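Right, one structure below, let's go through it.
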Amino acid sequence: MKKPVLERPVLLDVQGITRLYGPAKGCEAIDFQLHAGEVLGIVGESGSGKSTLLRVLAGLEAPDAGRVVYRRSSGEPEAARSDVHEPDTARRGGTQALGGDPQANAEAELDLYAIGEARRRALLRLEWGLVHQNPRDGLRMGVSAGANIGERLMAQGQRHYGQLRATGQAWMGQVELDPGRIDDAPRTFSGGMQQRLQIARTLVTRPRLVFMDEPTGGLDVSVQARLLDMLRTLVRSLGLSVVLVTHDLAVARLLAHRLMVMRRGQVVETGLTDQILDDPQHEYTQLLVSSVLTP
Amino acid sequence: MNGYNFAYLDEQTKRMIRRALLKAVAIPGYQVPFGGREMPMPYGWGTGGVQVTASILGADDILKVIDQGADDTTNAVSIRHFFQRVAGVETTTATTAADVIQTRHRIPETPLRAGQILVFQVPIPEPLRFIEPSEQETRLMHALEEYGVMHVKLYEDIARYGHIATTYAYPVKVDERYVMDPSPIPKFDNPKLDGNPALMLFGAGREKRLYAIPPYTRVESLDFEDHPFEIQRWEHACALCGSDHSYLDEVITDDQGGRMFVCSDTDYCQSRRGEVA
């Protein structure tokens, strides 16, 4: 008899992260754990430190104190990543725990700021992904959509033009872009399409962990809705773990399983998304939830 | 010539450049910064190459200078005169007779031999520059061997033109480590870089960088598995010497659209005509 996985393994363990630019500017003493396959939303007003926290988590800025630990082979073997079958993952996870591959154990824990810069950059490029708020920050605007999608693959050492192109077209289809526009420059795309392209470019190497900074910021509502729908489908079908920073509670409710509310650099409340949005406990969260406009 | 040290540069400067050259030879393809001096010519005319040549030239060396393969073009003539005046060295146009060859845009057709030194004039030494404007970032990319973006450019070529349309300054990987810009030589000359018995030195005067390919070093041109590296071919043979295997220049001969294809390497063309005649 198979047992369902109740406790998902921890993928990212954040311990006491502090990065302050001044008193209450930045983030202070943040602790949390992100489990495999989980979407964690970080919400809060502008200047609450959520973007600083994301930059520290994503390896772009060293913290003043604290550790970011990435548990690489946490029960979920490499092969099981691409096709996510729950029972299958559980069974293979069980055998691995029994077998105990020594090399996997040696690599099990990576302290993001203790490993060398080369390892960190390789990790960011190949196993993690970062989706910027402004697609211009995440895309190479001078080269075609296909080259943008293929870049991470070429960095991995793929040297077959035909395959790169086929992968590019497949991913354009996945993010609901017209594959016929693979040779067009990103600047000829609309804002929403650029954001889709950025997502395809990030997900092409099948990262396990993706950081998103306001992925729907600056888009109009109907485009936002379609993008959110697409993101939700991708997250589920690829089994991604996501840290999502947003100030939009509607986005958080749609995508996030769990929420962290930040204010003045500190976490004031954490919990399941519905629980926080429907029954906020902290006075700041109550204020935040009550200030949402409903048409 | 009175008032100048041998070969124009003072001995301390030559020492500094030689030291940088030793480092460049020790790390093939790595760009070594050096304290470039003002030379009596504008940047872009070969100040980097001239400084390298001045530092390595000995009193009994024989010098050849070519520009686009030719010994009689402005840049070649003026640099040759410069060294005749400030170093009093013997000069030649024969590739086989030369000890030091300073070149712009070509590698001679006549195979080089061990003991010869080829000095390249380089305008932009950084092959990653077109895609990464930050010097700090490109140095980090070299250090960590992050060369994926080089293929982004080649991918873009194929997507746009159906083939790799880069025809000069074609990026190479030296000794399976550093990606290097071989200066604006046509990609026709890239295969000559691989395992060449001569020492090849590259000097960029404006950017103040030196790099080198030691003799018999492996040099690969970057490509895709399904779009392998290829060199240019011509349907014509040289109109003067009849060569069908050298790099040809197209020369317009009149206002009626008349044209001819001739070897860009003038010494090679002349010596072939001498043999045939």
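So, in the stretch B:236-277, how many residues would count as being of a type in the set (D, E, K, R) and either part of a helix (DSSP H, G or I) or in the same structural domain as B:Thr110 (by TED's automatic domain parsing) (or both)?
Going residue by residue through the stretch B:236-277, those that are of a type in the set (D, E, K, R) are B:244, B:249-250, B:254-255, B:259, B:265, B:267, B:272-273, B:275.
Those still in the list that are either part of a helix (DSSP H, G or I) or in the same structural domain as B:Thr110 (by TED's automatic domain parsing) (or both) too: B:267, B:272-273, B:275.
Residues meeting the conditions: 4.
Looking only at strands (runs of 3 or more DSSP E) that fall completely inside the stretch A:192-295, which ones have 1 or more residues that are of a type in the set (Phe, Trp, Tyr)? Break it down stepwise before answering.
On the way: elements: A:209-213, A:241-246, A:258-263, A:266-272.
Qualifying strands (runs of 3 or more DSSP E): A:209-213.
This table checks each residue for (1) farther than 21 Å from B:Asp226 by Cα; (2) modelled with pLDDT of 95 or more; (3) in contact with a strand residue (DSSP E or B) (Cβ under 6 Å, 6 or more places away or on another chain); (4) surrounded by 21 or more Cβ atoms within 10 Å (Cβ to Cβ).
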residue: B:Lys153; (1), (2), (3), (4): no, no, no, no
residue: B:Asp157; (1), (2), (3), (4): no, no, no, no
residue: B:Ala165; (1), (2), (3), (4): no, no, no, no
residue: B:Tyr168; (1), (2), (3), (4): no, no, yes, no
residue: B:Val172; (1), (2), (3), (4): no, yes, yes, yes
residue: B:Tyr178; (1), (2), (3), (4): yes, yes, no, no
residue: B:Pro184; (1), (2), (3), (4): yes, no, yes, no
residue: B:Asn196; (1), (2), (3), (4): yes, yes, no, yes
residue: B:Leu201; (1), (2), (3), (4): yes, yes, yes, yes
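Going residue by residue through the stretch B:45-56, is there one that turns out to be of a type in the set (Val, Ile, Thr) and loosely packed, with under 15 Cβ neighbours inside 10 Å? Lay out the reasoning, then the answer.
As a first pass, look at the stretch B:45-56 and keep what is of a type in the set (Val, Ile, Thr): B:47, B:50, B:52-53, B:56.
Now restrict to residues that are loosely packed, with under 15 Cβ neighbours inside 10 Å: none.
Scanning the stretch B:45-56 turns up no residue that is of a type in the set (Val, Ile, Thr) and loosely packed, with under 15 Cβ neighbours inside 10 Å.
Please go through (1) assigned by TED's automatic domain parsing to the domain that holds B:Ala114; (2) not in a loop (DSSP other than H, G, I, E, B) for B:Glu220 and return the number of the only condition it doesn't satisfy.
Failing condition for B:Glu220: (1).
For the stretch B:235-247, enumerate the residues that are surrounded by 14 or more Cβ atoms within 10 Å (Cβ to Cβ) and out of contact with any Ser or Thr (no Cβ under 7 Å at 6 or more places or on another chain).
B:Ala239, B:Leu240, B:Cys241, B:Ser243, B:Ser246
Hey, B:Leu128 hits all of (1) within 14 Å of chain A (Cβ to nearest Cβ); (2) part of a loop (DSSP other than H, G, I, E, B); (3) open to solvent by 20 Å² or more (accessible area, probe 1.4 Å) but one; which does it fall short on?
The single condition B:Leu128 does not satisfy is (3).
Quick one: how many residues across the stretch A:25-64 are among the polar types (S, T, N, Q) and either under 26 Å from A:Ala122 (Cα atoms) or at pLDDT 90 or above (or both)?
Qualifying residue count, the stretch A:25-64: 3.
With the requirement that a residue be surrounded by fewer than 21 Cβ atoms within 10 Å (Cβ to Cβ), away from chain B (no Cβ under 12 Å) and under 18 Å from A:Val131 (Cβ atoms), what does the stretch A:151-174 give you?
Answer for the stretch A:151-174, where residues must be surrounded by fewer than 21 Cβ atoms within 10 Å (Cβ to Cβ), away from chain B (no Cβ under 12 Å) and under 18 Å from A:Val131 (Cβ atoms): just A:Gln174.
Taking the stretch A:235-248, which residues are surrounded by fewer than 21 Cβ atoms within 10 Å (Cβ to Cβ) and farther than 17 Å from A:Ala200 by Cα?
A:His247, A:Asp248
On the basis of being modelled with pLDDT of 90 or more and within 28 Å of A:Val292 (Cβ to Cβ), does A:Leu20 make the cut?
no
Do you know which residues across the stretch A:126-150 are within 14 Å of another protein chain (Cβ to nearest Cβ) and over 19 Å from A:Gln163 (Cβ atoms)? Quick ask: steps written out before the conclusion?
Initial filter on the stretch A:126-150 (within 14 Å of another protein chain (Cβ to nearest Cβ)): A:126, A:139-150.
Once the filter is applied, which keeps residues that are within 14 Å of another protein chain (Cβ to nearest Cβ) and over 19 Å from A:Gln163 (Cβ atoms), the stretch A:126-150 yields A:Leu139, A:Arg140, A:Met141, A:Gly142.
Pull up the stretch B:131-151, narrow it to residues that are within 25 Å of the chain's Cα centre (by Cα) and open to solvent by 60 Å² or more (accessible area, probe 1.4 Å), then point me to the one that is farthest from the other protein chains (Cβ to nearest Cβ).
Filtering the stretch B:131-151 for residues that are within 25 Å of the chain's Cα centre (by Cα) and open to solvent by 60 Å² or more (accessible area, probe 1.4 Å), the one farthest from the other protein chains (Cβ to nearest Cβ) comes out as B:Arg139.
Determine whether B:Val65 is surrounded by 20 or more Cβ atoms within 10 Å (Cβ to Cβ) and outside the structural domain of B:Glu207 (by TED's automatic domain parsing).
When the stated conditions are applied, B:Val65 does not pass them.
List the number of the failed condition for B:Phe261; all other conditions in (1) open to solvent by 10 Å² or more (accessible area, probe 1.4 Å); (2) within 15 Å of the chain's Cα centre (by Cα); (3) among the aromatic types (Phe, Trp, Tyr) hold.
Going through (1) open to solvent by 10 Å² or more (accessible area, probe 1.4 Å); (2) within 15 Å of the chain's Cα centre (by Cα); (3) among the aromatic types (Phe, Trp, Tyr) one by one, B:Phe261 breaks only (2).
Scanning for something open to solvent by 20 Å² or more (accessible area, probe 1.4 Å), without any contact (Cβ under 8 Å) to a residue 60 or more places away in the chain and of a type in the set (A, V, I, L, M), does the stretch B:72-80 turn up at least one residue?
Within the stretch B:72-80, one or more residues are open to solvent by 20 Å² or more (accessible area, probe 1.4 Å), without any contact (Cβ under 8 Å) to a residue 60 or more places away in the chain and of a type in the set (A, V, I, L, M).
Taking the stretch A:15-41, which residues are loosely packed, with under 15 Cβ neighbours inside 10 Å and either closer than 19 Å to A:Thr246 by Cβ or charged (D, E, K, R) (or both)?
Those that are loosely packed, with under 15 Cβ neighbours inside 10 Å and either closer than 19 Å to A:Thr246 by Cβ or charged (D, E, K, R) (or both): A:Lys25, A:Asp31.
Of the residues A:Arg226, A:Arg232, A:Arg264, only one is open to solvent by 70 Å² or more (accessible area, probe 1.4 Å) and under 18 Å from the mean Cα position of the chain (by Cα); which?
Residue meeting the stated conditions: A:Arg232.
The values are calculated or read from the model by the stated rules, or taken from the named source; none is laboratory data. Quick caveat: nothing in here was measured; it's all calculated off a predicted structure. Neighbour counts run over all protein chains shown; Cβ positions are idealised from the backbone, glycine included. Only protein heavy atoms, including side chains, enter the accessible area calculation; ligands, DNA and RNA are left aside. Shrake-Rupley method; radii C 1.70, N 1.55, O 1.52, S 1.80 Å.
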